[in-house]
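The values are calculated or read from the model by the stated rules, or taken from the named source; none is laboratory data. All values derive from a computational prediction rather than experimental measurement. Virtual Cβ from ideal backbone geometry, glycine too; neighbours counted across all protein chains shown.
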Amino acid sequence: MDDRERKSIGQLGEELALAHLLAHGLTPLIRNYRCKMGELDLVMLERQTLVLIEVRCRSSTDYGGAAASVDWQKQRRLVLAAEHLLMKRAELRHYPARFDVVAITIGEPRAKVDWIRSAFSLSDHARNDR
């Protein structure tokens with residue numbers, strides 16, 4: 001798979017994830033927040049909770065599938081990007097926050113969407129940073 005195909009699958013995954021989350025009542029705030037520490041695919045509100053969402057899309061479940069690709073290093077980059085976002089956007093700091101993963105497997109006849117709420121937490125990384 002070349003970079004163009006990979007990027008196309010990634011964009012499709014983000015669209016599917018966004019549609020899924022909108023259907024479940026979340027409100028979109030930011031798409032693709034980028035900083036030098038990393039990227040947050042989607043930043044949304046679920047009632048009064050700030051939801052920081054990593055979207056992973058795969059064409060197969062080989063190597064553990066999409067969710068398994070959010071390893072400790074990826075989680076750490078997401079935490080750093082979230083800290084950067086909250087530093088820049090003070091109005092978001094008063095919300096409790098959580099990290100979700102939307103894992104999508106593209107398949108026939110349709111894509112499978114797994115929404116993993118509270119997939120990891122800041123405290124997971126505080127323990128690992130010692």
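Of the residues in the stretch 5-12, not one is more than 18 Å from LYS112 (Cα to Cα), outside any loop (DSSP other than H, G, I, E, B) and of a type in the set (Gly, Ala, Ser).
If we scan the stretch 61-71, do we find a residue that is modelled with pLDDT of 95 or more, closer than 19 Å to ASP114 by Cα and not charged (D, E, K, R)? Within the stretch 61-71, not a single residue is modelled with pLDDT of 95 or more, closer than 19 Å to ASP114 by Cα and not charged (D, E, K, R).
The set of residues in the stretch 67-112 that are touching a Lys or Arg at 6+ places or on another chain (Cβ under 7 Å), in contact (Cβ under 8 Å) with a residue 12 or more places away in the chain and in a helix (DSSP H, G or I) contains only ALA67. Among the numbered conditions (1) acidic (Asp, Glu); (2) modelled with pLDDT under 85; (3) closer than 22 Å to LYS88 by Cα, the only one that ASP2 does not meet is (3).
Can you name every residue in the stretch 85-102 that is surrounded by 13 or more Cβ atoms within 10 Å (Cβ to Cβ), over 17 Å from GLU39 (Cβ atoms) and within 17 Å of the chain's Cα centre (by Cα)? If the condition is that a residue be surrounded by 13 or more Cβ atoms within 10 Å (Cβ to Cβ), over 17 Å from GLU39 (Cβ atoms) and within 17 Å of the chain's Cα centre (by Cα), then ARG98 is the only one that fits.
Among the residues of the stretch 16-47, those identified as part of a helix (DSSP H, G or I) and surrounded by 12 or more Cβ atoms within 10 Å (Cβ to Cβ) are LEU16, ALA17, LEU18, HIS20, LEU21, LEU22. Inspection of the stretch 113-122 finds no residue satisfying the criterion of being under 17 Å from PRO28 (Cα atoms), in a loop (DSSP other than H, G, I, E, B), modelled with pLDDT of 85 or more and not aliphatic (A, V, I, L, M).
Considering every residue within the stretch 39-50, establish whether at least one is closer than 19 Å to PHE120 by Cα, among the β-branched types (Val, Ile, Thr), modelled with pLDDT under 90 and within 13 Å of the chain's Cα centre (by Cα). Looking through the stretch 39-50, none of the residues is closer than 19 Å to PHE120 by Cα, among the β-branched types (Val, Ile, Thr), modelled with pLDDT under 90 and within 13 Å of the chain's Cα centre (by Cα).
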